[in-house]
Each structure stands twice: as structure tokens, then as C-alpha cells.
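This report refers to the structure that appears directly beneath it.
The values are calculated or read from the model by the stated rules, or taken from the named source; none is laboratory data. Everything quoted here is computed from the prediction, not taken from an experiment. Backbone-built Cβ (ideal geometry, glycine too); neighbour counts: all protein chains shown. Accessible surface is based on the protein model in full, side chains and every heavy atom, while ligands, DNA and RNA are left aside. Shrake-Rupley method; radii C 1.70, N 1.55, O 1.52, S 1.80 Å.
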Amino acid sequence: MAPRSYWKGYLKLSLVTCPVSMIPATSDAEKVRFHTLNARTGNRVASQYVDAVSGKPVAEDDEVKGYQRGEDDYVVLEDAEIEAVALDSTRTIDIDMFVPADSIGWVWLDQAHYLTPADKIGAEAFAVIRDAMARTKTVGISRLVMYRRERAVMLEPHGKGITLWTLRYGDEVRDEADYFGDPPDEKPQARLMTLMRKLIDERTVPWDPSMVDDPVQARLLDIIAAKKKSPKRRVRAKAPEKAAETGNVIDIMDALRKSIRSERK
């Protein structure tokens, strides 16, 4: 059974408009989550804001947002002032422009959402927008209020639907040139490349979602299941494995040959 959509609105391109539904493409609902408890009483621990100077609790009505401009000096903004600069509409995805599909690097992509037509009447308009982007190899760029913030979004045709990606803000993406630097002038030896390609071929298998299973999650569920049967049972923490000691100098050629022989065995 498909999950219920958490957002409904309109997809708009010039004079073409159609109702759409959207739901996040990923979910962490199945992840093991813990609550903080009082070990003496077993009751949950509640968090609250306290004044950093007096240490006294702050009432919810007294909480305001402030931007720090100096030591112990803040510019206070009211909620109405913050809301005034947001988009007027939070229910319309108005495609402002299109860009080549391969021009947006992966580092800009934040969260994926599935976009589908909300009814049969708007399905044709939805399909026209989707298929036109696919044929022209372009993606749409728009802006939308999501998760209480105005976000730039990218619309990408995906099968029978459209994948809507929220895009990271410009100040969130670091310049790769500051970290990767200039590429080395020397090229790897041909023999090394041949052996490395053989090693890659030996390990190449079809993609399977089980490759990204979370082993820690499975172990936690086993521990929880055991504790349900025996509440007083304590599980001792596993001692960390010692890292294998290696020398500082490695013969790459010898290591690759040994790796290939191991893979074949």
C-alpha cells in the first residue's frame, strides 16, 4: 500500500497547471529510536530552554529569534518579520526556468521527493511537462516553501512521475578546488592500471539494495528483542577490534597481484 501524500498543491508552467501530490522518496521511520529516561524512576526526561546567565527556565512566550552581531549582542527578529520575507504561496510549484539535466552536480542535491498527478484530470498536463523535460534532457528549477523554509527545487522526469529534489543553498556547498587541489602531473603506470582494472572486474556485481543494509540496526533490534524476553539481562559492549598493523611503505604492484589472486580463490 502506497503511503499517503504529505503535500498537495499545483505544478505550473506558464498557463499549464495541474494538481499534484508529493511525498518524500526516503524514510527513516523504521530506524531504532531511543528516548532519554531517568534511570531512577524510569520516566522520560523532558527538555526545556533555560536562561544561559540566570539558569532559570524560559517561558515559551518569551522565546524570540536573535542574530548575533557581537559578543552578547543580538538583533532580535519577530516571527511576523521572518514570515514577511517568505514566498506568498506554499502550494504552487511554478517552474521559472530550465537547465541542462547534467549541469547540476550531485553535491547540490539535498532531499528527494516523488511528485505525481493528484487526479486523472491533470494527468495529461503533468505528462506533457514530464515528457517534454525528458526529450529535451532538461530539468526544471523552481522555489517552494518546504520544512518551514523557502527552498530552491529541481524537477527531474523519472519514469511515470517526477522527482523533486530540494537543492542546497549556495553557502552550504564548499568549493572542491580548495580541497582537491591541482591534479598530479604524473600518470599511473600502465601495468598498475591493468592490474587495477582486473581487480575491479573481479569485484563488479549487479547493484542490490541489500548492499546498503544497516548491520547496527539489525543488532540493536536483536538486543531489544532479547531484553523484551528477559528485562534484567545486560548485554556487554563488544570490545573494539584492533586495527591490523601495517608498514609505512606499500608495494602497490605486489598488493594488487595478491588481491587479484585472493579474489580468484
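Filtered by the rule that a residue be at pLDDT 95 or above and open to solvent by 40 Å² or more (accessible area, probe 1.4 Å), region 144-157 gives a lone residue, GLU156. Would you confirm whether any residue within region 66-88 is over 28 Å from GLU150 (Cβ atoms) and either over 29 Å from the mean Cα position of the chain (by Cα) or open to solvent by less than 80 Å² (accessible area, probe 1.4 Å) (or both)? Yes, region 66-88 contains a residue that is over 28 Å from GLU150 (Cβ atoms) and either over 29 Å from the mean Cα position of the chain (by Cα) or open to solvent by less than 80 Å² (accessible area, probe 1.4 Å) (or both).
Being surrounded by 10 or more Cβ atoms within 10 Å (Cβ to Cβ), in contact with a strand residue (DSSP E or B) (Cβ under 9 Å, 6 or more places away or on another chain) and closer than 30 Å to ASP94 by Cα is a description that does not apply to TYR49. Across region 101-143, what is the number of residues that are of a type in the set (A, V, I, L, M, F, W, C), outside any helix (DSSP H, G or I) and either under 13 Å from LEU155 (Cα atoms) or open to solvent by 70 Å² or more (accessible area, probe 1.4 Å) (or both)? Total satisfying the criteria: 7. If you go through region 196-234 and keep only what is among the polar types (S, T, N, Q), modelled with pLDDT of 80 or more and part of a loop (DSSP other than H, G, I, E, B), you end up with just THR204.
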